[in-house]
Amino acid sequence: MSKYYNAQRNQRVYIPGSNQPFKLSRSKIDAFVKCPRCFYIDVRLGTSQPPGYPFTLNVAVDELLKKEFDLHRAKKIAHPMMQTYGIDAIPYEHKDLDKWRANFTGVQYLHEPTKFLITGAVDDVWVNPQGELIVVDYKATSKASAPSLEGDLGAQYIRQMEVYQWLLKNNGFKVSSRGYFVYLNGKKDAAAFDGKLEFDVSILPADGETAWIEPTLEKIKATLENNKIPTWHEECDYCAYYRARGKHEAEVSSKKPPKANGALF
Ligand code: SF4
């Protein structure tokens, strides 16, 4: 059995017609935006996609950045990096910050119309002189070009930030629409490795808007209440593979049993 994948690991499926709060993480909202079919098979039918493999280097970078900003949080002063980028803010201190950062709790809000309990774990929160909270996400990568928020991945990161902004607003905080991504880019052009990986650090700003979130929650609700599995989308390589594979398997099994040596073809 795979040590990473258990097809039945998602036992907590959505029950249509139930009026009980149902926990929905911001990553599940994003899964729905990317493909309602895979989302449905996971959340309604209980079979999720295999997980992404653990990115231990990214986790280590997140931890180091958290510690670094926490030192300045304790002193109630800006990190020099924030000053370099002209960001008029300091790391925010709040009794619930550790909970907001923890994966299994995160910032939570019960959206009454759908009864979804929305959760999302933030990397960091800063605060500006107007008392507005600023959502901050840490990212680690290693590429030759400067990090940017272009393309599908950038759009996904911004959606992630917007859900955190929406969650904090619904918890009664004033929230700035401006958020930041603290990006560490592993340097591949260093003269020697010397047992050390060096990073360039940059801070990328992004302006979020949260108007899409409530209509999306309504769509998720309608999808989960429906007994019909949503359709796939043509440009997904995995579904093209599943369909081609299913077709071959159906053809082979409708002809004759596999050979004695177990070979199918
Ligand atoms: S198109 Fe198919 S494999 Fe791709 S994400 Fe959707 S359901 Fe999953």
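Laboratory data are not the source of any read-out in this text; all were calculated from the coordinates shown. Computed from a predicted model, the values in this text were never measured in an experiment.
Worth pointing out:
- In the chain, one over the average inverse separation of all distinct C-alpha pairs is 21.3 Å, which is the Kirkwood hydrodynamic radius.
- Straight Cα distances below 17 angstrom link residue 99 to the aspartates and glutamates 62, 63, 70, 123, 124, 137, with same-chain residues fewer than 8 positions distant left out.
- Across 75/139; 66/228; 75/115; 188/247; 23/66, pairs whose alpha-carbon gap is larger than 32 Å: 66/228; 75/115; 188/247
- Other-chain or far-sequence residues with amide H under 5 Å of residue 47's (modelled H): 42
- Looking at the range 22-225, the DSSP beta bridges with both ends there are about 65 percent antiparallel.
- Here the 3J(HN,Hα) profile of the range 32-37, calculated from phi with Karplus coefficients 6.51, -1.76 and 1.60 at θ = phi - 60°, is 5, 4, 6, 7, x, 5 Hz, Gly and Pro shown as x.
- Above-threshold pairs, the threshold being 25 Å between Cα atoms, out of 34/196; 76/196; 95/174: 34/196; 76/196
- In order through the range 127-144: 3J(HN,Hα) via Karplus (6.51 cos²θ - 1.76 cosθ + 1.60), integer Hz, x for Gly, Pro: 9, 9, x, 7, x, 8, 7, 10, 7, 10, 10, 9, 10, 10, 8, 8, 8, 5
- Rounded to 10°, Cα long-axis angle of helix 237-255 versus longest principal axis of the chain: 20 degrees
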